[in-house]
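Note sheet for the following structure.
The values are calculated or read from the model by the stated rules, or taken from the named source; none is laboratory data. These numbers were taken from a predicted model, which means no experiment stands behind them. Methodologically, a virtual Cβ is constructed for each residue, glycine included, from the backbone with ideal geometry; neighbour enumeration extends over all protein chains shown.
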Amino acid sequence: MILLLSLSFKNTPQKIREYFAFGDEEKKRLLLALCNEEPIDEAAILVTCNRTEIYISTHIENTNTLISLILKNCEDIIGMDIEHVRDYILCYTKRGAVSHLYKVSAGLDSMLIGEDQILGQVKDTIEFARECNTAHLYLNTLFRDAVTQAKKIKTETLISKSGVSTATLALRVAKDELSGFEGKKLLIIGASGKIGNIVLKNALSYDFSHIYVTKRSHNIDMSPNVRDRISIIEYNDRYQYIKDADVIISATSGPHFTLTKEHIKDNWDTESKKIFVDLAVPCDIDERIGSLDGASYYNMDDMKKYAVENNEKKKLSIEKANEMVKEGVEKFLKWELFQENWKVFSDATKSLEKEIARIGEKKTLEHLFYKIRDNGSLEALQSLIDTLSN
């Protein structure tokens, strides 16, 4: 059985999600601890800025026992009692868990319907679990099939055609506040990271007069056509550029604030409006900065209302994508049922071989059909007839 525990932007505040924003070392410890529990055979953990989801494959069906085991191990990693977050946790099992992963992979459960980044994160999730030796036959097959179906959905529908992501949405929010970017300057903290790099690439399509980026590595595009628009600054110098910047976007994976109210006061220009957008979980930017004169502050929770318009445009594509999800889920569940009952098929094959040797192929097949007729349901018989007719 596949079981999934989920905390997402849909029903869980960012402050709660931050407890479960596990880094790689924490994920590895949790995965290994979960698979050391007798009922849990496999485990994988998906962590993004909008969700944390724990997937397990198990040979028992006592949901309450499994939930308690998972949360107990989460408490050990987090280092505190998390009883108060139980009301936010959604549990999916069997078809529900499989269907949820298919929707997540296709971007159908994202804040921005159809966003592409989640597919890569799903791939990374199962790859990480494989490296930790906690994903085997069932989770490997589930994630592989979910990714394959997601790619098909993105190819055959329009849900991803607008190219909207959380990173581009951050710029849209800032643009609405400032009524355009002409003559404005942007500071990106964490431009070397996955999200920060997407922000930078999208920012180059706007008419910012200049873009400042902090670096922790050298993977920033500095091709000749953008070199005069970008200044790479040291992370430790970030506060010096606050006064000059109109839009400040932070997207690092660090555990601490990149900007705090106390440090920012010394570089504050009260004459100009400044937009702070925090794309990190846990938060990068001290939300108290939003109380400074002329400052506007947005984090991931604030993005929901800006996603509505994007999602409304995709209604027809969403309907088609959901139908394709159902097809994929049905295919996986049939594979799972077959896999779990392989011994039944193996024993039946041996029995049929003996019958064929005793009474011949024709009579053996006739007896098999009569057995299905007499012992199976009406639906099973009709399904067999439909299968044989095709």
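List of remarks:
- Residue check for SER296: of a type in the set (S, T, N, Q) and more than 26 Å from GLU115 (Cβ to Cβ): no
- Exactly one residue out of VAL277, VAL329 is in a strand (DSSP E or B), touching a residue at least 12 places away in the same chain (Cβ under 8 Å), within 21 Å of the chain's Cα centre (by Cα) and at negative phi, and it is VAL277.
- Any hit, region 76-94, residues being among the charged types (D, E, K, R), within 16 Å of ALA43 (Cβ to Cβ) and at pLDDT 90 or above: yes
- Wholly within region 19-126, strands (runs of 3 or more DSSP E) carrying at least 2 residues that are under 19 Å from LEU137 (Cβ atoms) and of a type in the set (A, V, I, L, M, F, W, C): 40-47, 51-58
- Residue in region 38-55 that is in contact (Cβ under 8 Å) with a residue 40 or more places away in the chain, of a type outside the set (A, V, I, L, M, F, W, C), out of contact with any Leu (no Cβ under 8 Å at 6 or more places or on another chain) and under 24 Å from SER250 (Cβ atoms) present: yes
- For GLU53, the test of being surrounded by 23 or more Cβ atoms within 10 Å (Cβ to Cβ), touching a strand residue (DSSP E or B) at 6+ places or on another chain (Cβ under 9 Å) and not hydrophobic (A, V, I, L, M, F, W, C) is passed.
- Entry remark, region 256-312: residues being charged (D, E, K, R) and in contact with a strand residue (DSSP E or B) (Cβ under 8 Å, 6 or more places away or on another chain) number 6 in total.
- When region 301-326 is filtered for residues that are among the β-branched types (Val, Ile, Thr) and touching a residue at least 60 places away in the same chain (Cβ under 8 Å), the ones remaining, listed by number, are ILE318, VAL325.
- Per the conditions (1) within 21 Å of GLY23 (Cα to Cα); (2) out of contact with any Asp or Glu (no Cβ under 7 Å at 6 or more places or on another chain); (3) at pLDDT 85 or above, the sole criterion not satisfied by LEU259 is (2).
- Contact map, region 357-377: residues that are more than 16 Å from LEU388 (Cα to Cα) paired with residues that are loosely packed, with under 11 Cβ neighbours inside 10 Å and aromatic (Phe, Trp, Tyr), Cβ distance under 6 Å, separation 6+ or inter-chain. No pairs are found.
- The one condition in (1) in contact with a Leu (Cβ under 9 Å, 6 or more places away or on another chain); (2) closer than 30 Å to ILE188 by Cβ that VAL98 fails to fulfil: (2)
- Every residue from region 72-82 that is within 24 Å of MET1 (Cα to Cα) and either touching a residue at least 40 places away in the same chain (Cβ under 8 Å) or of a type in the set (Ser, Thr, Tyr) (or both): ASN73, CYS74
- Checked against the criteria, LYS362 does not count as modelled with pLDDT of 80 or more, under 30 Å from LYS154 (Cβ atoms), in a helix (DSSP H, G or I) and outside the structural domain of LYS94 (by TED's automatic domain parsing).
- Number of the condition not met by SER317 [criteria: (1) under 26 Å from GLN14 (Cβ atoms); (2) touching a Gly at 6+ places or on another chain (Cβ under 8 Å); (3) among the polar types (S, T, N, Q)]: (1)
- A search for C-beta distances below 6 Å between a residue of region 240-255 that is of a type in the set (D, E, K, R) and any residue that is in a helix (DSSP H, G or I) and at pLDDT below 85, counting only pairs 6+ apart in sequence or on different chains, returns LYS243/ASN267.
- Taken over region 199-247, the criterion of being at pLDDT below 85 and acidic (Asp, Glu) is satisfied by ASP221, ASP228.
- Condition met for GLY107 (surrounded by fewer than 16 Cβ atoms within 10 Å (Cβ to Cβ) and at pLDDT 90 or above): no
- Of the residues screened, ILE159 is one that is outside any helix (DSSP H, G or I), buried (at least 16 other Cβ atoms within 10 Å of the Cβ) and not small (Gly, Ala, Ser).
- Test: residue in region 61-74 that is touching a helix residue (DSSP H, G or I) at 6+ places or on another chain (Cβ under 7 Å) and of a type outside the set (A, V, I, L, M, F, W, C): yes
- Options ASP301, ASP266, ASP278: the member that is touching a helix residue (DSSP H, G or I) at 6+ places or on another chain (Cβ under 6 Å) and acidic (Asp, Glu): ASP301
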